[in-house]
Amino acid sequence: MHIHYLQHVPFEGLGSMERWFQQRGYNISATHLYRNESLPALDNIDWLIVMGGPMGVSDEGQYSWLSEEKAFIGRAIEEDKTVLGICLGAQLIADVLGAPVTKNPHREIGWFPLTISEQAKNTTIGKALQAGSEVFHWHGDTFSIPAGALPLASSDACKNQGFIYNHRVVGFQFHLETTYQSARDLTTHCADELDGSLYVQSAQQILEKSDRFDQVNQVMSNVLGCLERICTATD
């Protein structure tokens, strides 16, 4: 199995997912878009992971690689690759699928619970998410659910927290992969976003209970296991 991921900033990598893939002996490669690295051919890629970042999906004027990245994501979906988008990654997938991406009514940063949608409660991914309803968030934008996709979850601050499209394309607005160290990196590099608004916690609140990261990382492992089984069953 060959896993390829797209990284938008130096401080938002695979997080806990890297170890999960390594334990299974999967090949891992990356395109660091902030370094203007070239995108690979899709032929030998089985899974595409699209990570987060502080930019918006329409910021092509500032980040010229966004247009090419979105075309690449679209081709991966068309070729039935397993595609997982996290935060900005989920917004990019939604944009590629024709759904609007807009400013969320609230900036949402910190630990807040999810409500799993009725449509998703009996799906394997929905069941995996129910094992840990409080998850880590860091976003200011949101997406609409793409046509034909199944809504996954919501939170008090954000109506659309995830979707499943065509069984093997998944978008999460929230973060299950974030480790304690990667959260520390976020609070350092994006400290200006910790504005004390209604759904924004302080760096201290985010980091004070380190076991939370272990819990959401386990949920991430469960989700990856679900995707692995779906991928195997449909190949």
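If you go through segment 177-190 one residue at a time, do you hit one that is modelled with pLDDT of 95 or more, buried (at least 19 other Cβ atoms within 10 Å of the Cβ) and under 12 Å from the mean Cα position of the chain (by Cα)? Within segment 177-190, one or more residues are modelled with pLDDT of 95 or more, buried (at least 19 other Cβ atoms within 10 Å of the Cβ) and under 12 Å from the mean Cα position of the chain (by Cα). Across segment 128-147, the qualifying residues are those that are surrounded by fewer than 18 Cβ atoms within 10 Å (Cβ to Cβ) and out of contact with any helix residue (DSSP H, G or I) (no Cβ under 8 Å at 6 or more places or on another chain), and the one among them that is nearest to SER197 (Cα to Cα) is SER133. Of the residues making up segment 93-119, those that are under 12 Å from ASN160 (Cβ atoms) and in contact with a Pro (Cβ under 7 Å, 6 or more places away or on another chain) are ALA94, ALA99, SER117. Within segment 148-159, is there a residue that is in contact (Cβ under 8 Å) with a residue 60 or more places away in the chain and surrounded by 21 or more Cβ atoms within 10 Å (Cβ to Cβ)? Checked segment 148-159: no residue is in contact (Cβ under 8 Å) with a residue 60 or more places away in the chain and surrounded by 21 or more Cβ atoms within 10 Å (Cβ to Cβ). Name the residues in segment 191-214 that are surrounded by fewer than 16 Cβ atoms within 10 Å (Cβ to Cβ) and either part of a loop (DSSP other than H, G, I, E, B) or in contact (Cβ under 8 Å) with a residue 40 or more places away in the chain (or both), would you? Residues satisfying the conditions are ASP195, GLY196, SER197, LEU198, SER202, GLN205, GLU208, LYS209, SER210. Every residue in segment 162-187 that is assigned to a helix (DSSP H, G or I) and either free of Cβ contacts under 8 Å to residues at least 40 places away in the same chain or acidic (Asp, Glu) (or both), please. Correct list: TYR180, GLN181, ARG184, ASP185, THR187.
For segment 123-156, what are the residues that are assigned to a helix (DSSP H, G or I), among the polar types (S, T, N, Q) and in contact with a strand residue (DSSP E or B) (Cβ under 8 Å, 6 or more places away or on another chain)?
GLN130
Applying the condition of being closer than 22 Å to ASP214 by Cβ and among the polar types (S, T, N, Q) to segment 1-43 and asking which residue is surrounded by the fewest Cβ atoms within 10 Å (Cβ to Cβ) yields GLN23. Here GLY110, GLY56, GLY74, GLY61 are screened, and the one residue that is touching a residue at least 60 places away in the same chain (Cβ under 8 Å) and either out of contact with any Asp or Glu (no Cβ under 9 Å at 6 or more places or on another chain) or among the aromatic types (Phe, Trp, Tyr) (or both) is GLY110.
To keep it simple, each residue is scored yes or no on (1) at positive phi; (2) modelled with pLDDT of 95 or more.
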residue: GLN91; (1), (2): no, yes
residue: VAL96; (1), (2): no, yes
residue: VAL101; (1), (2): no, yes
residue: GLU108; (1), (2): no, yes
residue: ALA128; (1), (2): no, no
residue: TRP138; (1), (2): no, yes
residue: ALA153; (1), (2): no, yes
residue: ALA157; (1), (2): no, yes
residue: ASN166; (1), (2): yes, no
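The values are calculated or read from the model by the stated rules, or taken from the named source; none is laboratory data. Note that this is a predicted model, so its numbers are computed, not measured. Please note: Cβ atoms are built from the backbone with ideal geometry, for glycine as well, and neighbour counts cover all protein chains shown.
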